[in-house]
Each structure stands twice: as structure tokens, then as C-alpha cells.
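Working notes, structure below.
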Amino acid sequence: MSLVAEAFVTQLAAAEPWPENAALYQQLKEEQILLSDNASSLAVQAFLQMCNLPIRVVCRANAEYMSPSGKVPFIHVGNQVVSELGPIVQFVKAKGHSLSDGLDEVQKAEMKAYMELVNNMLLTAELYLQWCDDVTVEEITHPRYGSPYPWPLNRILSYQKQWEVRRKMKAIGWAGKTLEQVLEDVDQCCQALSQRLGTQPYFFNKQPTELDALVFGHLFTILTTQLTTDELSEKVKNYSNLTAFCRRIEQQYFEGHDKDSATTVAARSAKRSLLR
């Protein structure tokens, strides 16, 4: 299919109403999914909840390989498959749902800058911790990532992914960083987010945007995921307005919606909750 024909088909699909059977795909919740993918999945779920669009979470061991971009989460809506938050935001906007239409151009530029900050700092730090910190790799990452597969496939897939991520870290200049330097980057990111949020309920005052969904996805997952140490979550806990922000979104958009929602599962599997 030509690019023009593909764009036309996509435009037609976007014009259709949001179906009740829309599905979001991610890896297995309890035994497989890693911190970074769980955060990205939760960010998309939060965004769709904020848009009041129903979504059913489907867990598949091979979700990463099912995705058109090789990354999770991805959504299946009608005959369309779209992966990652940015493209999903654009797809949803084409269907007439937007969280940021009320912002002016300056605010939209600022929102995008903070989203880049989160992706460049928090997401990269999560990947570093998962695949470059030797203790985390051996105790958490390799066992979880390869858990659905028999030996030796489980180890082969884990080492392939580790090589891929470490090559990326080298390309962006993170390979030579120590864990302490990475945690300092996380702290600086949280400080910037905390200052921007201030005492507002959301980053742009009273209404959430995709930035709020992205930040919630990463911070909530960091706060509720059991790692080898608490050093990462402690960086977030140093900023009380960020933890209050996570509690607010959890209560408003997830509690009572689904007893097996992503936030409920995350807190339950980590044996901790933001609301205690």
C-alpha cells in the first residue's frame, strides 16, 4: 500500500467512533513486565482514562514482538494498531479527543519540552537500572524478561535485549555513568517537575494533559515497584507534591474503575500502596 493510500485508510479509521472493545497490549503483569514498560503502559492507560475512553488491558508474553514498533504498549482499535504514547495521542486526537487543545502555543511547547525531559531522563534511567546495573540485571531483569520462555531461549532473549539497550546507552553517552550519577539525574528531573507543578493539581492548572499522564505513569510505577534497593523511589518521595500528584490521579482515574487496574496490580504486586 502506498503512503498516500495508507494515510487515507488511517484517516478513515480515525473518523470512526471509539469502540467498546478497544484493547491495550502489554507483557504479563505479575511475572514478566519490567519497570520501564510498565510505566509506559500505565501512562497510556492514564491518558485514555483522562479522555474517558474505555480500554481493555490484554497481557501477552509476546506483546513486544506483536507491536509494530517493537515497543509496548500498543492499542488495537478497530482495524488499527498504534504503539507508544506519542502516536496514540495523535491517533486519539484524530478521533476528536484531546487533552491539550485548551493550551496556547507557548504552553504546548512547554508541555512537549517537559515530556522530552521525562523520556530523556526518567525512561532512560529506568532502562539503565534494568539493563546496566549488574545486581538488578541478575536478580530482577533476566528472570522476569525471560520468564515465559524455556531454557535456553529465556537467556538468549534476555542477553539480546541487554545488548540492544547497552548499545543505546553507549550511543547517548550513558554507558559510562555510575548508578549514583543516574540517580542524580533522576533527582534533577524530579526537581524540575516538582517546581513546574508547584501547588497546582495538574501541570497546567486544573485540567490534565498528556504530560500529566506520562509523569504519572513513570512516577507511580517507580513508587510501587519493588527493586533491589529503594534508592530510585526515595528520589521521588523527596518531593511531596509529586507523590500527592500520583495519589490524586490514582484516586480520580483508577480507583473503583477496575479492580484489576494497572495501578491496583502494580501496588499489589509490590506489596505497597500510595494510599497507606
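The values are calculated or read from the model by the stated rules, or taken from the named source; none is laboratory data. These numbers were taken from a predicted model, which means no experiment stands behind them. No Cβ is skipped: glycine too gets one built from the backbone with ideal geometry, and neighbour counts run over all protein chains shown. These area figures cover heavy atoms from the full protein model, side chains too; ligands, DNA and RNA do not enter into them. Shrake-Rupley method; radii C 1.70, N 1.55, O 1.52, S 1.80 Å.
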Response to the item:
Going through the range 74-97 in order, the residues found to be under 17 Å from Cys51 (Cα atoms), out of contact with any Pro (no Cβ under 9 Å at 6 or more places or on another chain) and open to solvent by less than 40 Å² (accessible area, probe 1.4 Å) are Ile75, Val89, Phe91, Val92
Worksheet entry | Residue within the range 147-155 that is under 22 Å from Ile222 (Cβ atoms) and of a type in the set (Gly, Ala, Ser) present | yes
Worksheet, complete the sentence: Scanning the range 115-139 residue by residue, those farther than 27 Å from Trp18 by Cβ, of a type outside the set (S, T, N, Q) and touching a Leu at 6+ places or on another chain (Cβ under 7 Å) turn out to be Glu126, Leu129, Asp133
Discussion item. What pairs come out if I take residues in the range 201-214 that are part of a strand (DSSP E or B) and pair them with residues that are surrounded by 20 or more Cβ atoms within 10 Å (Cβ to Cβ) and not β-branched (Val, Ile, Thr) whose C-beta lies under 7 Å away, six or more apart or interchain?
Written reply: Tyr202/Pro208; Tyr202/Asp212
Worksheet item: For the range 72-103, which residues satisfy the criterion of being basic (Lys, Arg) and either modelled with pLDDT of 95 or more or out of contact with any helix residue (DSSP H, G or I) (no Cβ under 7 Å at 6 or more places or on another chain) (or both)?
Response: Lys93
Worksheet item: Cβ-Cβ below 6 Å, separation at least six or inter-chain, first residue in the range 124-137 and touching a residue at least 24 places away in the same chain (Cβ under 8 Å), second open to solvent by less than 10 Å² (accessible area, probe 1.4 Å) and not aliphatic (A, V, I, L, M): which pairs?
Response: Glu126/Ser36; Leu127/Ser36; Leu129/Thr136; Gln130/Thr141
Worksheet item: Among the residues of the range 179-199, is any of a type in the set (D, E, K, R), within 20 Å of Ile33 (Cα to Cα) and open to solvent by 70 Å² or more (accessible area, probe 1.4 Å)?
Response: no
Worksheet, complete the sentence: Subset of the range 165-194, residues β-branched (Val, Ile, Thr) and over 21 Å from the mean Cα position of the chain (by Cα), comes to Thr178
Discussion item. Suppose the filter is in contact with a Ser or Thr (Cβ under 7 Å, 6 or more places away or on another chain) and modelled with pLDDT of 95 or more; does Leu157 pass it?
Written reply: no
Worksheet item: Considering only the range 137-155, how many residues are of a type in the set (Gly, Ala, Ser) and crowded, with 18+ Cβ neighbours inside 10 Å?
Response: 1
Worksheet item: Can you name the condition, by its number, that Leu53 falls short on among (1) within 26 Å of Ser147 (Cβ to Cβ); (2) outside any helix (DSSP H, G or I)?
Response: (1)
Fill in: Residues located in the range 34-58, provided they are surrounded by 15 or more Cβ atoms within 10 Å (Cβ to Cβ) and touching a strand residue (DSSP E or B) at 6+ places or on another chain (Cβ under 6 Å)
Ser41, Ile55, Val57
